[in-house]
Each structure stands twice: as structure tokens, then as C-alpha cells.
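Step one of this worksheet: look at the structure below.
Read-outs throughout are calculated quantities, based only on the coordinates presented, and are distinct from any laboratory measurement. No experiment lies behind these values; they were computed from the predicted model shown. Here the Cβ positions follow ideal geometry from the backbone for every residue, glycine too, while neighbour counts run over all protein chains shown.
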Amino acid sequence: MKETVVAWPKNPTSLSTHLAESVLRLIREEGLAAGDRLPSVKELAERFSVATPTMREALRLLEMAGNLDIRHGSGIYVRLPEARLMLTNPYARSLSTQSILNLLQARLLIEPPVAELAARHASDKHLSDLHDLLDDAEKHLSGQDSDDAVLGVANMRFHRGISEGAGNNILSDVVFTLTEVHIKEQMAVLDLYNNRRRDHEQHKLIFEAIGRRDPEAARQSMQDHLADVISVVQGKLKGDVNPAW
């Protein structure tokens, strides 16, 4: 396969980073000061039309940056109203076809056994969060740029949610790296695969297998899903498809 390099002008960031920046804008617009209380996680999730696990992730970013103080059993409080430097996507360079395929091949090796473990170990809370994330993704299947910006990362949050339910922190960290740090490659995959409904239906099959506590089916569903994505992406790259990146 001829190696090509593609540029991505959209410079996507993770959904959690985008939400964190939105919360900081909310603080500024509402004139909140240090010590003021923010709405609950559920209320913020409804305000920004995302699942509560995604909202929690954004709030954790702001807590680590020193902007918020999250007190369990009490609420979310402003600590530093001014925005600190937020994490940006480290993959601002151009992408190569090989980097996209390498990422997918790595995921094919790692994620099927992770899904198997999730079917064995995921708690009811993990399953509830995965269900919410699927509901969130289903709202953004139109193919419009504004929806894709949410869908691409919401899908990755679903995969991370599976790894979090697997009961192995090391594997969870690996999947986090594959899906969050490499978000730019993942958005390229979304454009190349270009069948959002099919992708979503495959995610639902994976979730259903995990929910049934069927490790073999969960592993196979994840295997089939990623193999399908790789087949479509390879075919389009071999055909010298030139998506508008």
C-alpha cells in the first residue's frame, strides 16, 4: 500500500476537554467566584446534552487543573474561576495511513479480551454508564460536523467504559491511551468508515453481550466490530480515497 500523509484542519479535541472549556465559560458567564457552587453532575450533563459519565470526566479534568473542588456528598464548587491551560491534542501533526492502521490493529489485539473480562466483572453501575453512553451517541448519528465532533469521542468513551468494567487497571490505562491520546486517528477512522448507524448497532451488540454476562459473545462481538472497521478502512485507503481531512 502506498504510504500517504493527510492533514486534518479541524484540530479535534477530546469531548471531555471541550466540555471542560464549556464549564469554564459557564462560570464566567454566570459571574461565579471561588466558593460558589455549580449545578450537580446530572444537571450539567442535561445542560450540555451528554451522558453523566462523560460529564464527570470533564469535571475531573477541571479538578486536576485546580479550577474546581469536588466534594463528595456536598457538591461541586468553584476554586479558581480563571481558565488554566487545558490539555490539547498532542497529535497536531499530519496523519499517515499507516498510523491509522497501526492503531486499529493494536485495538484488535487488545480490546476483544478486555470485552470478555468486562462481561465477567462489570458492575451494574458500569453497565448503566455504558447504556447512557450509547443513548448519548445515538443522538449524534447525522453525519454533520457538529454531531461528529461529539460522536467520535463519545464512541471512544464507550470503549473506555468497557475497559473500566474489566477489573484491570493496567488494561484500562492502555485502552485510555489508544482512544484518548490518539483521538485524531480515531476521527479519521470515523470519516473513512462512514457508517455511523452500523457502527452504533455493533456497539449495541457488544453491550448486550456484556449485559448478558456472556464473555465469549462479548469477545467475539468486539472482534467482529474491529475487524469490520479495519476491513472497510483498508479498502478505502487502498482505493486511494481522499477524504476531506
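All C-alpha to C-alpha distances of segment 16-75, sorted into 5 Å bins beginning at zero, yield P(r) values of 4, 19, 33, 30, 13, 1 percent in whole numbers. Within the shell of other residues whose beta carbon sits under 9 angstrom from the beta carbon of residue 119, the net charge comes to +1, with Lys and Arg scored +1 and Asp and Glu -1.
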